[in-house]
1. Shape of the stretch 193-232 from its Cα gyration tensor (a ≥ b ≥ c, root eigenvalues): rounded if a/c is under 1.5, otherwise prolate when a/b > b/c, or oblate?
2. Where only protein heavy atoms count, and the probe is 1.4 Å, what is the accessible area per residue for the chain in Å²?
3. Charges only on Cβ, +1 for Lys and Arg, -1 for Asp and Glu: so what's the dipole of the stretch 177-314 about the Cα centre, in debye to the nearest 20?
4. Explain nothing, just the number: dipole magnitude of the stretch 1-156 about its Cα centre with +1 on each Lys and Arg Cβ and -1 on each Asp and Glu Cβ, in debye rounded to the nearest 20.
5. Report, for the stretch 1-144, the % of DSSP beta bridges that are antiparallel, rounded to 5.
6. Would you work out which of Ala296, Ala244, Pro263 lies farthest towards the positive end of the dipole of the stretch 216-314, given +1 charges on the beta-carbon of Lys and Arg and -1 on that of Asp and Glu, about the Cα centre?
7. Can you spot the lysines whose alpha carbon is less than 23 Å from Lys167's alpha carbon? Ignore those fewer than 8 places along the same chain.
8. Expressed as a whole percentage, what fraction of the accessible surface of the stretch 94-249 belongs to carbon and sulfur atoms when a 1.4 Å probe is rolled over the protein heavy atoms?
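The values are calculated or read from the model by the stated rules, or taken from the named source; none is laboratory data. Computed from a prediction, not measured in an experiment: that's the story for all the values here. Cβ coordinates were reconstructed from backbone atoms using ideal geometry, including for glycine residues, and neighbour counts include every protein chain displayed. Ligands, DNA and RNA are stripped out before the accessible areas are found, and what is left, the full protein with its side chains, is counted by its heavy atoms. Shrake-Rupley method; radii C 1.70, N 1.55, O 1.52, S 1.80 Å.
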Amino acid sequence: MKITILDGNAVNPGDLSWERLEKIGELVCYPRTKPEDVIKRIGDSDAILLNKINITEEILSSCPRLKYIGVQATGYNVIDLEACRRHGVTVTNVPSYSTSGVAQLVFAYISEFATGVALHSSSVMDGDWCKSPDFCYWKRPLMELDGKTLGIFGYGSIGSRVAKIGKAYGMKIIACTRTPKPEIENPVDFDSLMAESDFITLHAPLTDKTKGIINARTLALMKKSAYLINTARGPLVNENEVRAALDNGTIAGYACDVVSEEPMNRNNPLLGAPNCIITPHIAWAATETRQRLLDAVIDNLESFIAGKAKNVVS
């Protein structure tokens, strides 16, 4: 079996091992692949692994030997699933591998908004504490999370983990989800979630119904003191209207690990926005998280070879 990895640098930039895959078959790994190079790189492959490479009808038609695509992620919108079914290509993904990492980043954002650790450390390093007439100072109002309302949009594995952490901080948890669950103590509709929360965190999939759900109308429902967090998908928010809300003080702040176009476009309206924290899609990037992902990717491939395919999406 020939296995080709098209964008291996995403999961493994060199700190993990491909050894298990090398034992399965002939392995060829490309750190990155341009769209125009996909066909020539996988034309003789039986299985391919990828993260963000688009696989189209044209590519599948040119690669008749291909029987398996392993997506090294949870999302698989880069794959034409209908075309895969026509060509008899099995597609798998890896669900729920990044729960811990994403929840951790959500609270890194929340903690920064509440306490301003990075803000105050930078101030101290600039010499402000040395010049202070008092033994302490703060650059902006600080807050305790105890008693604040945390609104969660989407209550899958990540949303429920975020709720668990929020409860440990003493926060009140409210949630809006398309699938009612008995463990949700305070279910609310979306507008109520936006209006009642001190922090809102998005954990819903990107669908026709959720695309742009954060917009001028829904932002206007928020408290002026409330913060919005997006570690789900960039297009859940209208970035121009989030920027306007930040400029106008409609909301207190926005933090995101995802944007509408990645890598980020230089014209993205969020660049330079006030009270805005942006990280470069790192919620899944902890060594432990990526190792868990790679292990699951290999498990998926081994199960397919054994005739017991799992995590199949097509």
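1. It is oblate, given that a/c is not under 1.5 and a/b is not larger than b/c.
2. With all protein chains present, the chain gives 50 Å² per residue.
3. Using Cβ point charges on Lys, Arg, Asp and Glu, the stretch 177-314 gives about 200 debye.
4. About 300 debye.
5. Restricted to the stretch 1-144, the bridges split so that about 0 percent are antiparallel.
6. Checked the options; the winner is Ala244.
7. By straight Cα distance, Lys167 reaches Lys148, Lys181, Lys223.
8. Taking all protein chains in place, the stretch 94-249 shows 55 percent carbon and sulfur surface.
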